[in-house]
Each structure stands twice: as structure tokens, then as C-alpha cells.
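The values are calculated or read from the model by the stated rules, or taken from the named source; none is laboratory data. Bear in mind that the values here come from a model prediction, so they are computed numbers and not experimental data. Backbone-built Cβ (ideal geometry, glycine too); neighbour counts: all protein chains shown.
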Ligand SMILES: NC(=O)c1ccc[n+]([C@@H]2O[C@H](COP(=O)([O-])OP(=O)(O)OC[C@H]3O[C@@H](n4cnc5c(N)ncnc54)[C@H](OP(=O)(O)O)[C@@H]3O)[C@@H](O)[C@H]2O)c1
């Protein structure tokens, strides 16, 4: 099986470049080798590789910057996935793509189901929704995995930012009225490997159905609760230089950003767990593993 992976230097892409290896020949491409803003070259690259599976971990993920760069965000998050789906259909490949809770407006009381009506609040969410719709409209076999609040030992993310700030400041103010599930990039990659394997078997046997699945850690918290847990676990695991004494909960209105965020980012993962027989661990369990890795300096 030839697996073409885009965005191999991102949080999820970096993990995928490792976890997919036992499944076949992984052609892991970074931005310079597969630039999603250059559609003509991207098409030639796919045609030269002739993959059995395309895993698209590349995306325009700068949520606030997207407000001032909508064309680039739509090119990378909507037009490029459209092309990937068209090419997947031509060469008979399965397309695995990632999306986000930001396709929703957060006004639902409970966790979002895959079939709930999207209504993105910002350009990033609109561009990701347009990408989902382009893939759904194609003739490709596809899986769209929606996830939330991604972090990893590598890359730029909330965990790394909080550990850095905790070494500098005695007091932190963190938003407490947005609720979601912090999700470790490695969990996403490991689950993707299981999903990919099962899906390829079903495609060969004729029982595969394309669709959207939510994929996050179990449980929920606020950014404030997430920050508290990061500092608590780092302290328990012997992190030096933790200066932070107080983490104050603040409302979103006290931390204005260019892009509006949904207050409810909770996604129900029942469908994925039942369909692929996967058990999703709590966000605290995976956070501990990631902080272990960061503090051990292996990244
Ligand atoms: N991060 C989150 O909290 C979050 C939440 C929900 C859903 N998601 C979705 O999950 C997926 C993976 O996100 P992530 O957290 O791994 O993102 P990430 O760490 O920001 O990685 C994105 C990758 O895309 C690459 N990229 C950007 N523009 C590109 C282009 N024009 N051509 C090719 N590659 C390009 C980046 O390349 P460089 O390394 O060169 O910059 C980077 O390696 C995305 O679909 C994202 O929308 C993420």
C-alpha cells in the first residue's frame, strides 16, 4: 500500500509519518514537496506517486491570521482538498482528511454529532467547512475526521505555551468559558492508522462507506482547566522553574482575538468508537504522556 502524506511537519503530520509506517510505503511530504497553495504542482505530484491512500494533514491553521488572509485559507483548506479528492477518485485512492469543531457555532447545549448543522463563526471554520463539502461532493472514497484543541510535544500549541509562560509568570489569566476536549496529535495519528487499515480491508471486500467522524479525547474541560492540569502535571513530574502561583479564570470577552471562537467545542465520538471499535482515552491520560515526553527532552 502506497500512502501519500501531506503536511508531514505539522503536529498531526509528524506523528502520522511514524505511526503509518507499519501499514505500507509512506511517502511523507513537507510543504516544500507538496505545497497545497500550488494546485498544478500538487496534481502532478499525486499523479507521479499514484497512491492507494492520501492522508491530508496539511492545513492553513492560523485561525486569527485567516481573518486577514481569507483567499489563502480557502485555497489551502478548501480548493486543495477538492483537488486531492478529485485525484483520489481518478486513481482509486482513499482520502483521509482532518477537520475541526470550528465548523460549528458552539450554540448547541450538548456535544455535537457528525450530522449537526454547521455554522462557522470565523474564516478558518468557513474554509474548513468548504473543504469538507468539496470532498463530500467528489466521487472519492473519503473519511473526514473532525478533531479539537490539538497539542503535541512538537510544534506550536497551548501546552507548550503554558509551560513557557509558567516558567516566566507568577499569575496567568486564562479563558474559562470555552469548553472542549484537548486532543494529543499522537492519539489522532494512532487512531488514523487503525481506521485506515480497517477501511482499506472494507474497500477490498466491498463494504466501505465514506463519511465524517468526530475524533477527540474523552472528557471535556475549559482552556482554564486545561492550563491548570498542564501546570499540575508538570509540577508532579518534576518540572523545574514553575513560577505560576495563580491561574485566574477569565471570560472570552476579556481576551479579544480577531477570530470569534465557539464556546462549545464538544464533539461526540460515539460513532467513531462503535464503527471502528476504538476506545478513546481521557484528555488527562494523554496529556500526562505528552508532558512526560516534553519534560524528558525527547522532542
Ligand atoms: N491545531 C488544532 O488545534 C486543530 C483543531 C482542530 C482541527 N485541526 C485540524 O487538524 C489537522 C492537523 O492540524 P495540526 O494541528 O497538525 O496543524 P499544524 O501543526 O499547524 O500543521 C499544519 C501543517 O500544514 C502545513 N501547511 C501549511 N500550509 C501549507 C501549504 N500551503 N502546503 C503544504 N503544507 C502546508 C504546515 O507546514 P509548515 O510546517 O511548513 O508550516 C504544517 O506542517 C488540520 O486539518 C487542522 O485543520 C487542528
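Take the conditions away from the ligand (no atom under 12 Å from the Cβ), in contact with a helix residue (DSSP H, G or I) (Cβ under 6 Å, 6 or more places away or on another chain) and under 25 Å from residue 184 (Cα atoms) and apply them to residue 144. Does it pass?
Answer is no for this residue.
Identify, by number, the condition in (1) at pLDDT 95 or above; (2) more than 22 Å from residue 113 (Cα to Cα) that residue 167 doesn't meet.
Failed condition: (1).
Looking at 52, 101, 40, 105, can you tell me which residue is at pLDDT 95 or above, more than 10 Å from the ligand (Cβ to nearest atom) and under 24 Å from residue 259 (Cα atoms)? Outline the logic, then answer.
Values: 52 fails: under 24 Å from residue 259 (Cα atoms); 101 fails: more than 10 Å from the ligand (Cβ to nearest atom); 40 fails: under 24 Å from residue 259 (Cα atoms).
Going through 52, 101, 40, 105 in turn, just one is at pLDDT 95 or above, more than 10 Å from the ligand (Cβ to nearest atom) and under 24 Å from residue 259 (Cα atoms): 105.
When you go through (1) within 11 Å of the ligand (Cβ to nearest atom); (2) more than 28 Å from residue 268 (Cα to Cα); (3) surrounded by fewer than 17 Cβ atoms within 10 Å (Cβ to Cβ) one by one for residue 62, which number turns out not to apply?
Of everything listed in (1) within 11 Å of the ligand (Cβ to nearest atom); (2) more than 28 Å from residue 268 (Cα to Cα); (3) surrounded by fewer than 17 Cβ atoms within 10 Å (Cβ to Cβ), residue 62 misses just condition (2).
Only residues that are assigned to a loop (DSSP other than H, G, I, E, B) and touching a residue at least 60 places away in the same chain (Cβ under 8 Å): list them for the range 278-289, please.
Hits for the range 278-289 are 278, 280, 281.
Where residues in the range 11-36 are within 6 Å of the ligand (Cβ to nearest atom) and within 15 Å of the chain's Cα centre (by Cα), which of them is nearest to residue 52 (Cα to Cα)?
Looking at residues that are within 6 Å of the ligand (Cβ to nearest atom) and within 15 Å of the chain's Cα centre (by Cα), I get 13.
Under the condition of being without any contact (Cβ under 8 Å) to a residue 24 or more places away in the chain and part of a helix (DSSP H, G or I), which residue from the range 1-21 is farthest from residue 145 (Cα to Cα)?
Per the criteria, the residue is 21.
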